[in-house]
Structure formats: C-alpha cells, structure tokens
Amino acid sequence: MSTVSLLGYSMVYGILISVITFGINLRKGLAIFMILAIGGIMTDGLKRGLKLPRPSDIDVRVIEPGQQPSGRLVDFGGANSFWSLPTKEAIVAVKNQTNWSYGLPSGHVSAATAFLLGLLFFYRKKGLLIFSVCWVILMALSRMYLGRHFIADVIGGVLVGGLAVLIAVFLFKSLEINSYKKLKPPAFSRISYFVIPLVLLTPFIGLLDADNIGRLLGLIVAYFIINQIGQNSDSGKTWLRVARIFIAVILSLVMYLILNYIIKAINWEDTQMADLVTTFLQTGPPFLVSFVILRKLNFYSN
C-alpha cells in the first residue's frame, strides 16, 4: 500500500506528463497537466478552508506503518460513527495549527482521478477505463490503510478530481486540442478569464493555492506561444519520441536547477505572489524552451 501512495506524488506525475507531452502528443500532455493544476487549486483551497484532520493526527489507535504512535494532537479524536465527523476537540486542535497538512479532500485521490479522467477524455479506450477505476480505488484504499485519510476524504478527492476535468473540458472547448491548427488569440479568452482573476486575487486570499495557479498560468502561456510558433505533427519513430522525452527532461532539470539557484541568490520574500511567480517560471519556460530547441533540431515537423 505504501508503494501505491508513493506513485501518487508530484514527481511521478511529472514523469508521466513528460512522456505524454514529448513522446505522444504535446498539446494533450499540456492539457492534462492543466487539469492536474486545476484539481490542485481546488484541492488545496478546500483543505485550507475546511481544515479537517487526518486520522493519524488525532487518534493513537491509528498507526502509520513504520511509525510510532506519538505526536498526536488528540488521543481519541476519531468519529464516533461511520457517517459522523471527528470530535469537536480534534477539529479545533487541527484548526489551531499553522501550515498543517489537512485531510479533506485527499490530494492523492483527486490527482489520480483528474489525471486518469483527463487521459480518458483524450484517449477513450476500454482498457484505460478499467485500469482507471481500479487505480483510483486502490489509491483511496492505500490512503485509508496508511491512516492518512478518512473515507469522506477519499470520496471528496474523487469528486474534486472529476469536477476539475469538467471545468477543464469547458475551458478547453475553444482550444481545439485535437488539431494542430494555429489559433487566434480570442480562442484563449475563456481559459484566460478563468486564470487571470485567480492570479490577481492570489496576494489577498490565503485560500488560493499560489503554486498551482502559477503552474496553470505557465502552462497556458507555454501552450499559447507553442500554438503561435506552429506545430504540424507529434509523429516520429520510437527512437525519436524517446529522444524528445530525454532531451526535454534534461533541459527542464537544468532550467529548474538554474532557476532555484537564482531564487536563492535573490532571496525572495516567502509570499503568495513569490510562490506563484516561482512555479510559473518552473513550469512554462521549460516546456516552451524544450519545444523550441527540439523543433530547431528537427525533432518536430515545422
């Protein structure tokens, strides 16, 4: 079960997105990453707003594998029945914490749901549908088994992930992701109207997830510029696709390390806006630069 949960962290999704984007279809890969970002914005916003506890934080009877039953905020703060919430004492204890890791909804489950439903939206295969259902259920069970979530948390994760996909489908309607047509700027108005208010409100509303808003903005900008540059095909032999993935990952890693060095040298103040700008720079430019270099090297059709 620990292995299943480990496969739900951001690094794994980063690898999968890189494979899809540069090995299969660049536009669909960016779109699926946008879906994950939208899901992340919703998940973190709800976590910060609801501030509900995790089982392992409020009940000494819940022990994470390999951990000692210590450091609980409340000894017996679990719910008294299947459908009830944790005790009032437990909820208050968690809400009094700062920068805490809250429970509802499950980020692992919402990300798994958003990612797999995003894949299903673009690749409607029966085998993928069966795998998706099984994997989301397995991820939910693993999070409960490890004492990190209640059943309400994982159900909430499924709902948030599904809603993220529905929002994304609405926003993507004018982007014609299944084609290689160069779009005029008005085609991006719908998704711009969604992200720009979030960017402007981020410094003032603590519930907004600056990291994922910056990530989403970076992806939209990268998608727009790539569309304007032009791309006629994602085709290529297996070795070419593997080479694209490898080069893109190396370029992204180098840019990430350089950016982190610059940020540490500048010593930015730790604010919502600083986080937004950081993730914007960590997300958009690497995709864009990788595409431009691969195109110059004739790894993509002009």
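In 10 Å bins starting at 0, how do the alpha-carbon pair distances of segment 119-166 split up by percent?
All Cα pairs considered, the percentages come to 24, 47, 25, 3.
Exceeding 21 Å between C-alpha atoms, which entries from my cross-link table qualify? They are 47/125; 173/296; 28/181; 125/181; 28/184; 237/296. Let's see the in-between values first.
Numbers: 47/125 33 Å; 173/296 30 Å; 28/181 14 Å; 125/181 25 Å; 28/184 19 Å; 237/296 18 Å.
As for pairs spanning more than 21 Å Cα to Cα, those are 47/125; 173/296; 125/181.
Tally up the carbon and sulfur contribution to the accessible surface of segment 215-302 as a whole percent, 1.4 Å probe, everything protein left in place. Before the final figure, lay out each step's value.
Details: 3250 of 4810 Å².
Roughly 68 percent of what the probe reaches on segment 215-302 is carbon or sulfur.
Cross-link candidates for residue 51: which lysines have Cα within less than 25 Å, leaving aside residues fewer than 8 places away along the same chain?
88, 95
Give the residue list of chymotrypsin sites (Phe, Trp or Tyr not before Pro) in segment 217-302 that are DSSP loop and have at most 14 other beta-carbon atoms within 10 angstrom.
268
Rounded to the nearest 500 deg cm²/dmol, what is the calculated helix-only ellipticity per residue at 222 nm for the chain, with -39500 (n - 2.57) per DSSP H run of length n ≥ 4? Walk me through the intermediate numbers first.
Details: 12 runs with 197 residues, N = 302.
Theoretical 222 nm ellipticity from helices: -21500 deg cm²/dmol.
Where the centre of each part is set by its Cα atoms, how far does segment 1-33 sit from segment 176-197, in angstrom?
23
I need the shape label for segment 97-232. Rule: rounded when a/c is under 1.5, else prolate if a/b > b/c, else oblate, with a, b, c from the alpha carbon gyration tensor. Write down the numbers at each step before the final one.
Numbers: a/c = 2.94, a/b = 1.35, b/c = 2.18.
The shape class here is oblate.
So what's the angle, to the nearest 10 degrees on a 0 to 90 scale, between helix 10-19 and the longest Cα principal axis of the chain?
With rounding to tens, the tilt is 20 degrees.
Considering only protein heavy atoms, what per residue accessible area in square angstrom results for segment 216-302 with a 1.4 angstrom probe?
On the way: 4750 Å² over 87 residues.
On a per-residue basis, 55 Å².
Can you give me the angle between helix 272-296 and the longest principal axis of the chain, using Cα atoms only, in degrees from 0 to 90, rounded to the nearest 10?
Orientation of helix 272-296: about 30 degrees from the principal axis.
Return the inverse of the average 1/r over all pairs of distinct C-alpha atoms in the chain, which is the Kirkwood hydrodynamic radius, in Å to one decimal. Can you show the working numbers first?
Values: mean 1/r = 0.0486 Å⁻¹.
Across the chain, the inverse of the average 1/r is 20.6 Å.
Quick one: Cα centre-to-centre distance for segment 219-243 and segment 250-302, in angstrom?
17
What does the charge dipole of the chain about its Cα centre add up to, to the nearest 20 debye, if the Cβ of each Lys and Arg holds +1 and the Cβ of each Asp and Glu holds -1? Write down the numbers at each step before the final one.
Details: 27 positive and 14 negative charges, 243 e Å.
That gives the chain a dipole magnitude of about 1160 debye.
Just how much of residue 275 is accessible, in Å², when a 1.4 Å probe is used and the result is rounded to the nearest 10?
50
Need one word for segment 176-290: rounded, prolate or oblate. Basis is the Cα gyration tensor (sqrt eigenvalues a ≥ b ≥ c); a/c below 1.5 gives rounded, then a/b vs b/c decides.
Working: a/c = 2.99, a/b = 1.29, b/c = 2.31.
Oblate.
From Cα pairs below 8 angstrom and at least 6 apart in sequence, can you work out the relative contact order of the chain, rounded to a whole percent? List each step's numbers first, then the result.
Values: 415 pairs, mean separation 68.3, N = 302.
Across the chain, relative contact order equals 23 percent.
Treat every Asp and Glu Cβ in segment 170-302 as -1 and every Lys and Arg Cβ as +1, leave all other atoms uncharged, and give the resulting dipole magnitude about the Cα centre to the nearest 20 debye. Write down the numbers at each step before the final one.
On the way: 12 positive and 7 negative charges, 164 e Å.
About 780 debye.
Could you work out how far helix 107-122 tilts from the main Cα principal axis of the chain, as a 0 to 90 degree angle to the nearest 10?
Around 30 degrees separate the two axes.
Using a simple charge model, +1 on the beta-carbon of Lys and Arg, -1 on the beta-carbon of Asp and Glu, nothing else, what dipole does segment 116-214 show about its Cα centre, in debye to the nearest 20?
Working: 10 positive and 4 negative charges, 109 e Å.
Result for segment 116-214 is approximately 520 debye, rounded to the nearest 20.
With Cβ to Cβ distances under 11 Å as the rule, what net charge do the other residues near residue 177 carry (K, R +1; D, E -1)?
Values: positive: 27, 28, 173, 181; negative: 176.
So the environment of residue 177 carries a net charge of +3.
Taking only protein heavy atoms into account and a 1.4 Å probe, give the accessible area per residue of segment 164-213 in Å². Can you show the working numbers first?
On the way: 2810 Å² over 50 residues.
Heavy-atom SASA per residue in segment 164-213 reads 56 Å².
The values are calculated or read from the model by the stated rules, or taken from the named source; none is laboratory data. This structure is a prediction, so every number in the text was calculated from the model and none was measured. So basically every Cβ, Gly included, is an ideal-geometry build from the backbone, and we count neighbours across all protein chains shown. All accessible areas refer to the heavy atoms of the entire protein, side chains included, with ligands and DNA or RNA removed. Shrake-Rupley method; radii C 1.70, N 1.55, O 1.52, S 1.80 Å.
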